[in-house]
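J.: Before anything else, here's the structure in question.
The values are calculated or read from the model by the stated rules, or taken from the named source; none is laboratory data. Not measured: the values here are computed from a predicted model. As a convention, Cβ positions derive from the backbone with ideal geometry for all residues, glycine included, and neighbour counts pool all protein chains shown. Ligands, DNA and RNA are excluded from the accessible area calculation, which covers all protein heavy atoms including side chains. Shrake-Rupley method; radii C 1.70, N 1.55, O 1.52, S 1.80 Å.
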Amino acid sequence: MKEFKTFNQQLTILRDRGMIVPTDGSPKRFLEQENYYNVINGYKDLFLCKDSHGNTIIPETYLPNTHFNELKALFLFDRELRFLFLKYLLIFENSFKTTISYEFSQKFPKANSYLEIANYRDDDPKGVLKQISILTKTIHDNVGTKGAIKHYIEEHGSVPLWVLVNYLTIGNLSYLYSALKDSEKNAIAKYYSDKYEKQYRPTNTLRISSEDMESALKIFNLVRNQCAHDERLFNSDYKNIRVSNIVNYFGVTNYNNRRLVVAILYFKAVLNKSYYKKFHSELNTIFDKYKNEFQTVSFNDILDSMGIDLSELNKLK
């Protein structure tokens, strides 16, 4: 276990490692507010000296002229990104809850249809039973508390899916979508394809497949969890997320399907046009706010960590 260090001792360590740390008290006040681990350990990697293989030199040494305010700026930049992405993820989440409950209930209108295994895909009974168990548990956990589930059980004897989905996380919704029959999956994907065509009236039709929807739900779930738990976002590695169909449609050639740019690409495909335009504008406002805050590393290095090429991003306006 590491030995406890006071804030002054922590700042001394940073200076010993080559960082320029102002002596006016502002770094100490910032760390008192935000936590040394969150600010320094969370955002130091770009500013550390590396060997010829790209590995961090031990003991850690900061690049020449690295300033404390640069790490502070990167920390605050990432926080603003989390706020922005969370806002539009919640907007999509509400849209998807409406769409999945509508399509499923239209096909299976009988009460409690979502608890019947026959109404789901027939090639994954274990996964379907797990999903039904989650839905059942959600009802059980909320039936005794004041709210819509309690009301519907007492007044109607069952809970409609369009009510139940409001108690599900985006992760739950992702698994629910995966458990559906192909016909329902395709209907939901087509809804978003049709909406895009009506709003943008493109020359070529965007055909969002059920596999694309599953990928969108996967990246949205991962990003939402990071935003909700205040975790570092900008340089996250999401492994390989399927996005080839979407990037080919938008003519994007320089992208990284392991990075945050994937969420932006799917935002363009599934958000209402007006919401996406606001998201894109607000994202660029954040970029403009912070792009001149870094001297040791370039802002393009930070964008690269997000998988973003600004010229490619502009294709998504």
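J.: By how many nm would the segment from LYS2 to ASN300 grow when fully extended, if each residue of separation counts as 0.36 nm and the alpha-carbon distance is taken off?
T.: The LYS2-ASN300 span can extend by a further 103.8 nm.
J.: Given a 1.4 angstrom probe, what's the average accessible area per residue across the chain, in square angstrom?
T.: Working: 16510 Å² over 317 residues.
That works out to 52 Å² for each residue.
J.: So, one more: Relative contact order of the chain: what whole-number percent is it, with Cα pairs under 8 angstrom and at least 6 residues apart?
T.: Relative contact order here is 18 percent.
J.: Mind checking which lysines have their Cα closer than 23 Å to the Cα of LYS277? Skip sequence neighbours fewer than 8 apart in that chain.
T.: Within the straight-line limit of under 23 Å, LYS277 reaches these lysines: LYS87, LYS97, LYS190, LYS195, LYS198, LYS218, LYS268, LYS289, LYS291, LYS315, LYS317.
J.: Please tell me the relative contact order of the stretch 167-222 in percent, rounded to the nearest whole number, where contacts are Cα pairs under 8 Å and at least six residues apart. Can you show the working numbers first?
T.: On the way: 34 pairs, mean separation 26.8, N = 56.
Relative contact order comes out at 48 percent.
J.: Here's another thing I want to ask about it. Considering amide H positions built from the backbone, and no H for Pro or chain starts, which residues 5 or more places from ILE20, or on another chain, come under 5 Å of its amide H?
T.: THR66, HIS67, PHE68
J.: With a 1.4 Å probe and all protein chains kept in place, how much accessible area does TYR62 have, in Å² rounded to the nearest 10?
T.: 10 Å²
J.: Another one. Can I get the semi-axes of the chain's equivalent ellipsoid? Compute them from the C-alpha gyration tensor as square roots of 5 times the eigenvalues, in angstrom, largest first.
T.: 43, 25, 17
J.: Let me ask another. Once label points are set 7 Å from the Cα along Cα→Cβ at both ASN284 and ILE134, what is their separation, rounded to one decimal in nm?
T.: With each label placed 7 Å out from Cα toward Cβ, I get 3.7 nm.
J.: Another question, if that's okay. Report ³J(HN,Hα) in whole Hz for each residue of the stretch 161-167, in order, from the Karplus equation J = 6.51 cos²θ - 1.76 cosθ + 1.60 where θ = phi - 60°; Gly and Pro get x.
T.: Each residue of the stretch 161-167 in turn: 4, 5, 8, 4, 4, 5, 9 Hz.
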